[in-house]
Amino acid sequence: MVEFNLNQSVQCQLLGEELRVGVFEDGDRRQPTKGARLQRDSGDVIMELVDVQVDAIRASRMVIKGIERRQTERGVVEFAQAWLCVQAGTPLLETSRENFFKQSGGGRQ
């Protein structure tokens, strides 16, 4: 587990959107909670995690985990999520399958 001070908001720009990690007012619980929000420049929240923990930070990558809530016909559903956050412009890691085909010449004989 990585120690991370969530008393101050961390902001990252991504493709016209912003990832904010910090302490937010949780409307459902009516109390402050550690959270992560992916939001547009206009302030509209696209996705949100609550009870966030920073799991790992390495170079230009950060893994955060928490609880995502969704409103359904039967009420609010909560489920665990982990987000891999990669700094814009950084190449993505290859999957083991992509690496295999790359090393084997594309899988062609």
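Some notes on this structure:
- Condition broken by Pro91, with the remaining ones in (1) assigned to a strand (DSSP E or B); (2) free of Cβ contacts under 8 Å to residues at least 60 places away in the same chain satisfied: (1)
- Members of the stretch 55-74 that are among the polar types (S, T, N, Q) and under 14 Å from the mean Cα position of the chain (by Cα): Ser60
- The stretch 30-54, subset over 14 Å from the mean Cα position of the chain (by Cα), within 15 Å of Leu19 (Cα to Cα) and not acidic (Asp, Glu), residue surrounded by the fewest Cβ atoms within 10 Å (Cβ to Cβ): Ser42
- Within the stretch 57-73, considering residues that are open to solvent by less than 40 Å² (accessible area, probe 1.4 Å) and among the hydrophobic types (A, V, I, L, M, F, W, C), the one modelled with the lowest pLDDT: Met62
The values are calculated or read from the model by the stated rules, or taken from the named source; none is laboratory data. Since we're looking at a predicted model, the values are computed, not measured. No Cβ is skipped: glycine too gets one built from the backbone with ideal geometry, and neighbour counts run over all protein chains shown. Note: areas computed on protein heavy atoms with side chains; ligands, DNA, RNA excluded. Shrake-Rupley method; radii C 1.70, N 1.55, O 1.52, S 1.80 Å.
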